[in-house]
Amino acid sequence: MRLGTLAPSIAEMVRRIASQEVNCEEHVASKMERMPRMDRDVHAFLFVAKEEALAKAREIDEKARKGVKLGRLAGVSIAVKDSINVKSMPSTCGSKILEGFVPPYDATVVERVRAEDCIVFGKTNMDEFGMGNTTQASAYGPTRNPWDLERVPGGSSGGSAAAVAGSMTTLALGEDTGGSIRCPASFCSVFGLKPTYGAVSRYGVIPYANSFDQVGPIARRAEDLELLFDVIAGHDPRDMTSAKEERRKPKPLKGLKVAKVSEFFGSGIDAGVQRLVLDAAGKLAEMGAKVEETGIEALSSALAAYYIVAMAEASSNLSRYDGVRYGASLEKGSADWNAAFAKTRTACFGEEVKRRILLGTFVLSAGYYEAYYLKAQSARTLLRRGFERAFKKYDVLLGPTMPVLPPKVGEKVSPLEDYLIDVNTVPANLTGVPSVSIPVGFASGLPAGMQLMAPHFDEGTLFAAARAYEEATA
Ligand code: GLN
């Protein structure tokens with residue numbers, strides 16, 4: 001597929017709609033007409049809200065006619081991951097167990113984009129409850145990579161990244177617990193940000209592992225990524241973990257102290273990915289960044305710690321799906337509720353979800369709690385300290401987002417092999433720091449991404465670096 005031609009910037013599009021040079025309804029109608037052709041092969045969407053999108057577009061045209069000031073995302077199309085609630089659109093989370101569940105309210109992030117006149121095009125496919133990195137673990141079939149339909153788009157926000165990469169929408173919202181925004185951003189050659197934990201509200205977002213989950217933006221341009229982040233970020237009293245902290249003042253790329261973290265280039269890394277990311281680091285140095293190499297000791301236990309804590313939190317979170325309160329129910333009104341719960345859960349959860357509920361329950365059970373869960377939490381603390389020390393010396397940490405190129409759809413790997421490719425993305429979730437994936441080109445015709453991490457609430461520095469790199473390499 002031929003992709004990658006860039007439409008005008010969002011600011012330019014909003015200006016054209018406001019001045020009535022562009023008719024928003026026509027613009028949305030033509031996008032909505034092209035979308036199904038592309039999505040027949042890609043399968044990014046689980047639900048498309050055509051009528052609602054057109055109605056919103058007419059509303060925007062009306063505002064433009066009356067000279068009412070338009071929002072910062074007026075007429076811009078957005079795809080929303082299926083774990084984020086949009087009023088009156090089904091939320092399945094990629095699971096059969098939520099089939100038929102239609103949330104009666106918008107998540108805060110959706111409220112915020114709508115308040116800026118952004119147009120929700122629909123809900124996107126994902127690995128069931130966010131558990132995966134290929135979008136093949138969706139109960140509704142896999143999504144394919146728009147750059148190469150034989151390949152996966154990454155996951156778990158694979159539908160969101162594929163929608164943006166395939167130009168079906170300009171923007172997308174994803175959710176990242178252990179890499180689910182950055183992995184598909186890397187595999188689909190788009191920008192994706194996992195914000196600081198607490199920077200973006202989780203209200204109305206179906207949880208996977210609460211101490212890691214963050215909603216974030218996906219876009220084809222660094223500038224658009226930043227704009228969407230600006231719109232969705234900020235304190236929300238409806239989310240207990242939402243932060244009130246001010247954002248830090250961004251540092252420019254010139255003079256920026258960048259650490260190439262040696263563990264991020266560890267064994268198993270694809271040679272093509274390594275070359276692209278090292279070249280990109282070289283480019284940052286050419287542009288005035290001070291790039292050095294360093295190690296962060298506790299990083300070696302990050303992956304194990306992540307999978308223990310994430311599964312523990314997931315096993316407790318997923319206990320709410322019992323066939324009574326939400327979605328699918330195979331045995332309505334039965335007095336033997338234990339048998340009824342078991343029947344629905346056995347039939348409606350996928351294999352990977354069940355595996356994680358079992359493992360999560362195991363590491364939390366008496367006798368194993370100390371050996372696994374507590375140990376993993378200690379490793380998490382050590383990693384936080386390791387990052388604090390690193391950020392005393394460096395402004396930004398750098399590595400490949402994914403150590404590999406996008407795998408083929410249907411390629412068989414063991415669960416453990418599958419978990420291993422998250423090795424570079426989970427540290428940002430364990431420590432809560434912001435992390436961006438920046439496209440750095442193609443190896444063997446497949447996209448790769450570079451990951452930059454900054455201290456808490458320093459998204460600004462990541463955007464500055466992403467923009468400078470994009471400008472220099474466009
Ligand atoms: N692949 C990771 C996992 O399966 C990340 C998931 C995510 O970020 N939602 O846990």
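A short reminder: the numbers here are calculations on the coordinates, not readings from a lab. Given the structure is predicted, the values throughout are model-derived calculations rather than measurements. All Cβ positions, glycine included, derive from the backbone under ideal geometry; neighbour counts span all protein chains shown.
Quick one: grab the alpha carbon gyration tensor of the range 401-474, order the square roots of its eigenvalues as a ≥ b ≥ c, and give me rounded if a/c is under 1.5, else prolate or oblate depending on whether a/b is larger than b/c. Oblate, since a/c reaches 1.5 and b/c is not below a/b.
Of Lys96/Lys332; Lys96/Lys375; Lys81/Lys257; Lys123/Lys194, which ones are farther than 23 Å apart at the Cα?
Lys96/Lys375; Lys81/Lys257
The magnitude of the dipole of the chain, with charges of +1 and -1 set on the Cβ of Lys/Arg and Asp/Glu and taken from the Cα centre, is near 500 debye.
With the simple spin-label model, which puts each label point 7 Å out from Cα in the Cβ direction, the Glu293 to Ala7 separation comes to 4.4 nm.
Based on the Cβ-Cβ distance from Ser334 to Lys257, what FRET efficiency comes out when R0 is 56 Å, to the nearest 0.05? Write out the running numbers ahead of the final one.
Values: r = 62 Å, r/R0 = 1.11.
With R0 = 56 Å, the Cβ-Cβ based efficiency is 0.35.
For the listed peptides 40-47, 314-321, 462-469, 288-295, a ranking on the average number of other beta carbons within 10 Å per residue, highest first, reads 462-469, 40-47, 314-321, 288-295. Pairs of Cα atoms nearer than 8 Å and 6+ residues apart set the relative contact order; for the range 115-260 it is 18 percent.
Peptides 357-367, 196-206 ranked from most to least packed give 196-206, 357-367, packing being the mean of other C-beta atoms within 10 angstrom over each peptide's residues.
Any chance you could run the full-extension gain for Glu33 through Leu358? It's 0.36 nm times the residue separation minus the Cα-Cα distance, nm to one decimal. The partial results should precede the final answer.
Working: separation 325, 0.36 × 325 = 117.00 nm, distance 4.41 nm.
Length difference between fully extended and current span is 112.6 nm.
Normalised by the number of residues in the range 341-451, the mean separation of alpha-carbon contacts (under 8 Å, six or more apart) gives a relative contact order of 25 percent. Per-residue extension of 0.36 nm, minus the Cα-Cα distance of Gln377 and Glu59, leaves a gain of 109.5 nm for this segment. Determine the shape class of the range 87-155: with a ≥ b ≥ c the square roots of the Cα gyration tensor eigenvalues, call it rounded for a/c under 1.5, and otherwise prolate if a/b is greater than b/c, oblate otherwise. Cα axes put the range 87-155 in the oblate bin.
Projecting the Cα atoms of Phe265, Gly159, Ser180 onto the charge dipole of the range 125-276 (Cβ charges, centred on the Cα centre) puts Phe265 farthest toward the positive pole. Under the rule a/c < 1.5 gives rounded, and otherwise a/b versus b/c splits prolate from oblate, where does the range 78-211 land using the Cα gyration tensor? Since a/c stays below 1.5, the shape of the range 78-211 is classed as rounded. Share of antiparallel DSSP beta bridges in the range 34-177, in percent to the nearest 5? Antiparallel: roughly 35 percent of the beta bridges in the range 34-177.
Quick check on the range 179-324: of the DSSP beta bridges with both residues there, what percent are antiparallel, nearest 5%?
40
Positive end of the dipole of the range 366-423 (Cβ unit charges, origin at the Cα centre): among Leu405, Leu416, Ala379, the Cα lying farthest that way belongs to Ala379.
Quick one: Met311, Met126, fewest Cβ neighbours within 10 Å first, how do they rank?
Numbers: Met311 25, Met126 33.
By the 10 Å Cβ count, ascending, the order reads Met311, Met126.
Below 9 angstrom from the Cβ of Leu430, what's the summed charge of the other residues (Lys, Arg +1; Asp, Glu -1)? Before the final figure, lay out the partial values.
Numbers: positive: Arg380, Arg384; negative: none.
Counting the neighbours of Leu430, the net charge comes to +2.
Secondary structure note: in the chain, about 65% of the DSSP beta bridges are antiparallel.
Please get the size of the charge dipole for the range 316-359, origin at its Cα centre, with Cβ charges of +1 on Lys and Arg and -1 on Asp and Glu, quoted in debye to the nearest 20. Please list the in-between numbers first.
Working: 8 positive and 5 negative charges, 24 e Å.
Once rounded to the nearest 20, the dipole reads 120 debye.
The Cβ shell under 13 Å around Cys188 holds other residues with a net charge of +3, Lys and Arg each +1, Asp and Glu each -1.
Under a plain spin-label model, where a point goes 7 Å from the Cα along Cα-to-Cβ, how far apart in nm are Arg325 and Arg385? Distance between label points: 3.8 nm.
The stretch between Lys50 and Ser88 holds 12.4 nm of extra length on full extension. This uses 0.36 nm per residue minus the Cα-Cα distance.
In this simple spin-label approximation, Gln20 and Lys66 carry label points 7 Å from Cα along the Cα→Cβ vector, and these lie 1.4 nm apart.
Taking the alpha-carbon centroid of each part, what is the distance from the range 380-422 to the range 263-308 in angstrom? Here the two parts' Cα centres lie 9 Å apart.
Suppose only helical runs count, i.e. DSSP H with n ≥ 4. What mean residue ellipticity at 222 nm does that imply for the chain under -39500 (n - 2.57) per run, divided by all residues and rounded to the nearest 500 deg cm²/dmol?
Values: 15 runs with 182 residues, N = 474.
Mean residue ellipticity, 222 nm, calculated: -12000 deg cm²/dmol.
Considering Cα pairs under 8 angstrom that are at least six residues apart, work out the relative contact order of the chain and quote it in whole percent. Worked out over the chain, it gives 17 percent.
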